[in-house]
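Only the coordinates and a few stated rules stand behind these numbers; no lab work does. From a predicted model like this one, the values you see are computed outputs, not experimental measurements. Here the Cβ is made from the backbone with ideal geometry for all residues, glycine too, and neighbour counts use every protein chain on show.
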Amino acid sequence: MQDRIDLVFAAGAVHIIDSRIVGPAGERDVDVAVNPYPSDHLGVVSTVSVDPVEPPVFVAVAAVRVEAGTPLGVHYHAPGGEGTDRLVLVRAGADPQTSALAALPPQEAGHFGRVNFGTGGLLPGEYAVVLMGSTDIELSRSAFWVVAPGAVPSVSVDNALYKPGAPVTAAWSAAPARKFDWVGIYKADDPDLLNYLGFAYTNATVAGTFTFGAAELGAGLLAPGEYVMRLMSDDGYACLAAARFAVVE
């Protein structure tokens, strides 16, 4: 089930018991009045019942951004349990059989549960926890990033100066990795945060790059002028980091 303020998607073994519309008093079709109402979207609140089912085999980190030296929680459904399966911490893309940094068996209930890995001694970068089965087959993998203690989000561009029509590559690091974090290009002298010239989602990554080209900026890309690349928070307009650059003839 997935929801946002103005709609609810439900599928599978979900039964809708009741749904009501929330909004300002006097608004058409509003069932639950709230004043003052803090949004320009009406809300939907639903009561549902869900038939429990056994989840598929998986491993999932509790957080994709972890400061070095803090615990990393790992949830899992291990088909064989403690006697046969293993949870293995590796560098991103590494083989868990030959490049394991740490390993634990499933614990607690055996097949379902949570373990904690320590991140002390891990350098900043991308890692993964891998669920290995009884025959050393990789069953599931979950990525995460380690950042330095106290790290703050940053964004940069691959050049300080560009020629007109040149693509611009943004790089971000230590980002919060929210679902809809994004990077956008603005004119440097325009304070209106709605006036971005082009944008791209970071795909919930702590670190990464994206190249802005004609698809994002139009056929001519950027004309001569001063610009700023901004890292923005979760489909909103809170700026987390910024980097200036210029386009010159």
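Among LYS163, LYS187, the order by Cβ neighbours within 10 angstrom, fewest to most, reads LYS163, LYS187. The orientation-averaged projected area of the convex hull spanned by the Cα atoms of the chain comes to 18.7 nm². So which residue, out of LEU221, LEU231, LEU89, gets the largest mean-square fluctuation from a GNM of the chain using Cα contacts under 10 Å as springs? Greatest mean-square fluctuation among the candidates belongs to LEU221. Here the spin labels are modelled as points 7 Å beyond Cα on the Cα-Cβ line, and at THR169 and HIS111 they lie 4.8 nm apart. Taking amide H as placed 1.01 Å from N in the peptide plane, ARG65 has its amide H under 5 Å from the amide H of TRP145, each at least 5 places away in sequence or on another chain. Over the chain, dividing the summed -39,500 (n - 2.57) contributions of all DSSP H runs of at least 4 residues by the number of residues returns a 222 nm mean residue ellipticity of 0 deg cm²/dmol.
Just checking the listed ones, ALA177, ALA25, ALA60: in the Gaussian network model of the chain with Cα springs under 10 Å, the one fluctuating most is ALA25.
Of the two radii for the stretch 71-192, the radius of gyration is 1.14 times the Kirkwood radius, both from the alpha carbons; that is the Rg over Rh value. Between SER19 and ASN159, the simple label model (points 7 Å from Cα in the Cβ direction) yields a spacing of 5.1 nm.
Our estimate of slack between GLU126 and ALA68, defined as 0.36 nm per intervening residue step minus the Cα-Cα distance, is 19.7 nm. Computed extension gain for PHE58 through ALA219, at 0.36 nm per residue and net of the alpha carbon distance, reaches 53.6 nm. Using R0 = 51 Å, the C-beta based FRET efficiency linking GLU27 and ARG91 works out to 0.45. Computed from backbone phi, the HN-Hα couplings of the stretch 204-212 come to 6, 9, 6, 9, x, 9, 8, 9, 7 Hz, rounded to whole numbers (Karplus: 6.51 cos²θ - 1.76 cosθ + 1.60, θ = phi - 60°; Gly and Pro given as x).
Were the residues from LYS179 through PHE9 laid out at 0.36 nm apart, the gain over their Cα-Cα distance would be 59.5 nm.
Once both labels are positioned 7 Å from their Cα atoms along Cα-to-Cβ, the gap between ALA143 and VAL248 label points is 3.6 nm. Would you mind getting me the FRET efficiency between ASN35 and ASP192? Use the beta-carbon distance for r and R0 = 25 Å, nearest 0.05. So, using R0 = 25 Å, E works out to roughly 0.25.
GNM remark for the chain: springs join alpha carbons under 10 Å apart, and the peak mean-square fluctuation among ALA148, ALA33, ALA100 falls on ALA33.
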